[in-house]
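Enquirer: Attaching a single structure in structure tokens format; questions to follow.
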Amino acid sequence: MIKKIGILASYNGSGFETIQKAILDKKLDAKIVVVITNNTNAGVLEKAESYNIPYFIVNDKRYPGQNIDDKIARLLVEFDCDYIFLSGYMKKIESNLLNSFPNKIINTHPAILPSIYGGKGMYGRFVHEAVIKNGEKKSGVTIHYVNEVYDEGEKILVKELELSQNETVDSLEDKIKNLESIAIVEAFEKLLAKS
């Protein structure tokens with residue numbers, strides 16, 4: 001049975017594209033069945049449309065007074081998702097969504113966890129700026145399950161890289177993005193082999 005993946009994204013959804021490309025290249029025996037965003041202007045919407053993948057915008061503006069996480073959970077159940085991948089999704093995942101999909105929600109973090117480079121406010125460039133500022137010798141990517149606490153879910157895969165002596169935030173960001181693409185595919189290969 002082909003595994004079905006749901007995507008939650010807030011912006012461009014580069015992780016979504018990585019998975020979709022791996023599926024098209026026959027590296028992953030899976031299918032992205034739905035894309036959900038909380039951002040009306042998210043670049044991921046255009047990408048979903050170009051692949052003919054159903055997409056939904058779910059936020060407080062569109063559904064005032066409704067429980068947004070319930071709505072998202074219902075959509076993911078409706079599309080019969082086996083896994084949910086957070087592709088730059090900037091909202092905290094609430095317990096009802098976690099309970100609907102125990103050990104099925106996966107996130108990627110642009111640093112080695114656990115560390116001071118995880119948790120609230122630690123995402124994207126903020127992570128790389130902190131890593132450079134602290135003079136770290138290495139950084140990396142962690143693919144992990146999502147739980148109630150930011151960046152503290154069980155690890156699925158960690159990939160590390162050495163920082164060069166003249167590393168900048170920009171150069172580190174580029175290296176981590178490349179490494180992240182590899183890590184996401186490897187993590188899903190691992191998950192799909194187990195299921």
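Enquirer: Just how far, in whole angstrom, is segment 111-149 from segment 52-102 if you go by their alpha carbon centroids?
Expert: First find each Cα centre; the distance between them is then 24 Å.
Enquirer: Check the straight Cα-Cα distances from LYS92 and name the lysines below 20 Å, setting aside those fewer than 8 residues away within the same chain.
Expert: Those lysines meeting the cut-off are LYS61, LYS71, LYS104, LYS120, LYS155.
Enquirer: Show me, for segment 184-195, the HN-Hα J-couplings you get by feeding each phi into the Karplus relation (A = 6.51, B = -1.76, C = 1.60, θ = phi - 60°), rounded to Hz, glycine and proline as x.
Expert: For segment 184-195, the Karplus-derived couplings read 4, 5, 4, 5, 5, 4, 5, 5, 5, 5, 7, 8 Hz, x marking Gly and Pro.
Enquirer: A further question follows. Is segment 96-188 rounded, prolate or oblate when judged by the Cα gyration tensor, a ≥ b ≥ c being the square roots of its eigenvalues, rounded requiring a/c under 1.5 and prolate requiring a/b larger than b/c? Don't skip to the answer; put the middle values down first.
Expert: Details: a/c = 2.62, a/b = 1.77, b/c = 1.48.
Verdict is prolate for segment 96-188.
Enquirer: Would you please give the residues with an amide H less than 5 Å from that of GLY43, counting only those at least 5 places away or on a separate chain, with H modeled from the backbone geometry?
Expert: Amide H to amide H, under 5 Å and 5 or more residues apart or across chains, GLY43 pairs with ASN12.
Enquirer: Rounded, prolate or oblate, given the Cα gyration tensor of segment 50-110, with a/c below 1.5 counting as rounded? Don't skip to the answer; put the middle values down first.
Expert: Details: a/c = 1.31, a/b = 1.14, b/c = 1.15.
Rounded, since a/c falls under 1.5.
Enquirer: What translational diffusion coefficient, in µm²/s and rounded to a whole number, does the Stokes-Einstein relation yield for the chain at 37 °C and a viscosity of 0.692 mPa s, taking the hydrodynamic radius as the Kirkwood radius over Cα pairs? Each step should come with its number before you reach the end.
Expert: Numbers: Rh = 17.1 Å.
It diffuses with D of about 192 µm²/s by this estimate.
Enquirer: While we're on this one: Could you provide, to the nearest whole Å², the per residue accessible area of segment 94-180 with probe 1.4 Å? Before the final figure, lay out each step's value.
Expert: Numbers: 4750 Å² over 87 residues.
Spelled out: the 1.4 Å probe surface of segment 94-180, per residue, equals 55 Å².
Enquirer: OK, next. Tell me, in nm to one decimal, what length is gained between LYS91 and PHE56 on full extension, where the rule is 0.36 nm per residue of separation less the Cα-Cα distance? List each step's numbers first, then the result.
Expert: Numbers: separation 35, 0.36 × 35 = 12.60 nm, distance 1.56 nm.
Taking 0.36 nm per residue and subtracting the Cα distance, the gain is 11.0 nm.
Enquirer: Give a residue-ordered list of calculated ³J(HN,Hα) values for segment 44-58 (Karplus: 6.51 cos²θ - 1.76 cosθ + 1.60, θ = phi - 60°; whole Hz; x for Gly, Pro).
Expert: Computed from phi, the couplings for segment 44-58 are 4, 5, 4, 5, 4, 4, 5, 9, 6, 9, x, 9, 9, 9, 10 Hz.
Enquirer: Okay, moving on. For segment 111-195, what is the charge dipole size about the Cα centre, in debye to the nearest 20, if Lys and Arg each add +1 at the Cβ and Asp and Glu each add -1 at the Cβ? Mind dumping the intermediate values first?
Expert: Details: 11 positive and 15 negative charges, 18 e Å.
My answer is approximately 80 debye.
Enquirer: Okay, next question. Find which of ALA9, LEU76, MET90 sits farthest along the positive direction of the dipole of the chain, computed with +1 on the beta-carbon of Lys and Arg, -1 on that of Asp and Glu, about the Cα centre.
Expert: Of the candidates, LEU76 comes out farthest on the positive side.
Enquirer: If you don't mind, another one. Remind me, relative contact order of the chain in percent, using alpha carbon pairs under 8 angstrom and six or more residues apart? Before the final figure, lay out the partial values.
Expert: Numbers: 341 pairs, mean separation 40.0, N = 195.
Computed value for the chain: 20 percent relative contact order.
Enquirer: Additional query: Hey, which aspartates and glutamates would be in cross-link range of LYS91, C-alpha to C-alpha under 17 Å, not counting anything within fewer than 8 residues on its own chain?
Expert: Qualifying aspartates and glutamates at Cα under 17 Å: ASP60, ASP69, ASP70, GLU148, ASP151, GLU152.
Enquirer: Shifting gears a bit: Report the gain in length on full extension from GLU46 to ASP70: 0.36 nm times residue separation, minus Cα-Cα distance, nm rounded to one decimal.
Expert: Details: separation 24, 0.36 × 24 = 8.64 nm, distance 2.48 nm.
Between GLU46 and ASP70, full extension yields 6.2 nm more.
Enquirer: Something else about it: Using the Cα centre of the chain as the reference point, and only Cβ charges (+1 on K/R, -1 on D/E), how large is the resulting charge dipole? Debye, rounded to the nearest 20. Each step should come with its number before you reach the end.
Expert: Details: 25 positive and 27 negative charges, 47 e Å.
Here the chain has a charge dipole of around 220 debye.
Enquirer: Taking the Cα centre of segment 3-62 as the origin, how large is its charge dipole in debye, to the nearest 20, when only Lys and Arg (+1) and Asp and Glu (-1) carry charge on their Cβ atoms?
Expert: Numbers: 9 positive and 6 negative charges, 40 e Å.
Using Cβ point charges on Lys, Arg, Asp and Glu, segment 3-62 gives about 180 debye.
Enquirer: Separate question: How large, in percent, is the carbon and sulfur part of the accessible surface of segment 88-195 at a probe radius of 1.4 Å? Can you show the working numbers first?
Expert: Details: 2930 of 5820 Å².
So the carbon and sulfur contribution to the accessible surface is 50 percent.
Enquirer: Separate question: Report ASP82's accessible area, 1.4 Å probe, all protein chains in place, as a number in Å² to the nearest 10.
Expert: We get 50 Å² for ASP82.
The values are calculated or read from the model by the stated rules, or taken from the named source; none is laboratory data. Everything quoted here is computed from the prediction, not taken from an experiment. Methodologically, a virtual Cβ is constructed for each residue, glycine included, from the backbone with ideal geometry; neighbour enumeration extends over all protein chains shown. Only protein heavy atoms, including side chains, enter the accessible area calculation; ligands, DNA and RNA are left aside. Shrake-Rupley method; radii C 1.70, N 1.55, O 1.52, S 1.80 Å.
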